[in-house]
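The values are calculated or read from the model by the stated rules, or taken from the named source; none is laboratory data. Computed from a prediction, not measured in an experiment: that's the story for all the values here. Every residue, glycine as well, gets a Cβ built from its backbone with ideal geometry; the counts of neighbours run over all protein chains shown. Ligands, DNA and RNA are stripped out before the accessible areas are found, and what is left, the full protein with its side chains, is counted by its heavy atoms. Shrake-Rupley method; radii C 1.70, N 1.55, O 1.52, S 1.80 Å.
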Amino acid sequence: CNTHCNTHCNTLQHTSALDTTRWMDPLSQKAAKEKLDNMFFEVGYPDEWPESVSRNEGQLVEENYAANVDMIGYNAVKRARIRVFETPARNRWGESYPIVVNAFYSPMVNGLWVPAGIIQTPFYSEDYDQARNYGSLGTICGHEMTHGFDDTGHLLDKNGDEKDWWDSSTFDEFDQRAGCLTDQYDLYGNEVPDWYQGGHVDGQNTLGENIADEGGMRFAFEAFQRSHPKERRSMAEHRLFFTAFAQNWCENDRQDIAIDSLESDEHSPAKYRVLGVLSNFKPFSQAFNCPVGTGMNPKKKCELW
């Protein structure tokens with residue numbers, strides 16, 4: 001499974017999506033592609049198991065939970081003090097573990113972690129059609145990759161250093177296009193005032209995640225197309241791809257939790273993560289024949305990556 005997933009990640013990383021980004025000046029575009037090329041992937045589990053796996057071996061005792069907690073904390077602090085004097089390991093898993101059902105991007109080291117916990121059904125299976133794998137896990141990986149180019153990631157170069165690595169005109173164009181997403185997501189929630197009790201999505205607070213969702217879709221869809229270069233994908237495959245993406249965010253929320261998330265969660269509510277991304281993506285409206293001017297195929301679309 002790791003081999004298959006690594007192949008998918010490699011296809012995502014070598015997407016030509018940045019080549020078709022017309023709003024960047026050539027030098028800034030070249031720098032962005034270099035950052036993508038320099039991004040590393042840790043897939044499944046560490047190549048070498050960290051010392052934390054055996055750190056507490058032989059030091060824990062049965063039937064003394066409090067003592068075990070103290071020992072684990074002591075050993076963790078002891079190790080942290082030693083690590084202060086060591087050369088940082090760029091691909092260190094830190095406090096993340098292979099069993100976690102999630103994926104992560106670190107802007108400081110320009111790296112992405114895809115734990116084994118998420119490389120399984122319903123997000124991924126060797127038995128799934130490629131459309132389903134790219135639409136589900138592919139968009140999640142693409143989302144994490146795009147964090148390298150979101151509202152904070154775009155300020156850091158390929159080494160994770162904050163500097164003016166783009167032309168000023170490209171930074172300005174980025175801000176304008178990001179502003180389009182802010183305005184779009186600000187409107188979500190207003191159509192159901194009783195559910196959110198007058199609240200709505202905060203487009204600025206959720207901007208980084210919305211950019212990552214948008215870019216993740218474009219990265220994954222372009223990689224999906226490139227994975228089968230000899231002939232065009234069918235519309236049925238396209239529809240499966242988009243359906244798999246939407247199913248990532250199927251959930252049923254309590255009203256109080258939904259209202260609280262508007263203030264506490266940097267992600268947009270799951271419903272709007274789907275509607276926002278797909279309504280901006282022309283291949284979706286083509287696959288489902290959405291008439292121009294309708295909610296899922298508006299005349300004005302926000303497009304960043």
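Here are Arg232, Arg254, Arg239: which of them is more than 24 Å from Gly208 (Cβ to Cβ) and modelled with pLDDT under 95?
Result: Arg232 is the single residue among Arg232, Arg254, Arg239 that is more than 24 Å from Gly208 (Cβ to Cβ) and modelled with pLDDT under 95.
Determine whether the range 197-208 contains at least one residue that is assigned to a helix (DSSP H, G or I) and open to solvent by less than 70 Å² (accessible area, probe 1.4 Å).
Looking through the range 197-208, at least one residue is assigned to a helix (DSSP H, G or I) and open to solvent by less than 70 Å² (accessible area, probe 1.4 Å).
Would you pick out the residues in the range 98-131 that are closer than 27 Å to Thr21 by Cβ and either surrounded by fewer than 21 Cβ atoms within 10 Å (Cβ to Cβ) or of a type outside the set (A, V, I, L, M) (or both)?
Phe104, Tyr105, Ser106, Pro107, Met108, Val109, Asn110, Gly111, Trp113, Gln130
Quick check, is Pro88 touching a Ser or Thr at 6+ places or on another chain (Cβ under 8 Å), open to solvent by 70 Å² or more (accessible area, probe 1.4 Å) and either modelled with pLDDT of 90 or more or not in a helix (DSSP H, G or I) (or both)?
No.
How many residues, within the range 243-291, are over 16 Å from the mean Cα position of the chain (by Cα) and surrounded by 13 or more Cβ atoms within 10 Å (Cβ to Cβ)?
18
Among the numbered criteria (1) of a type in the set (Lys, Arg); (2) under 22 Å from the mean Cα position of the chain (by Cα); (3) open to solvent by 60 Å² or more (accessible area, probe 1.4 Å), which one does Lys300 miss?
That leaves (2) as the condition not met.
Please go through (1) closer than 30 Å to Ala223 by Cα; (2) at pLDDT 95 or above; (3) among the hydrophobic types (A, V, I, L, M, F, W, C) for Ala67 and return the number of the only condition it doesn't satisfy.
With respect to (1) closer than 30 Å to Ala223 by Cα; (2) at pLDDT 95 or above; (3) among the hydrophobic types (A, V, I, L, M, F, W, C), Ala67 is out only on (1).
Can you tell me which residue within the range 49-63, out of those that are closer than 10 Å to Trp93 by Cβ and assigned to a loop (DSSP other than H, G, I, E, B), is most open to solvent (accessible area, probe 1.4 Å)?
For the range 49-63, the residue satisfying everything is Trp49.
Within the range 219-305, which helices (runs of 4 or more DSSP H) (wholly inside it) include 1 or more residues that are without any contact (Cβ under 8 Å) to a residue 40 or more places away in the chain and touching a strand residue (DSSP E or B) at 6+ places or on another chain (Cβ under 9 Å)?
Answer list for the range 219-305: 270-279, 282-287.
Before we move on, is Gly189 open to solvent by less than 40 Å² (accessible area, probe 1.4 Å), over 16 Å from Asp213 (Cα atoms), in contact (Cβ under 8 Å) with a residue 60 or more places away in the chain and not in a helix (DSSP H, G or I)?
Yes, satisfied.
How many of the residues making up the range 161-186 are closer than 30 Å to Leu262 by Cα and not in a helix (DSSP H, G or I)?
1
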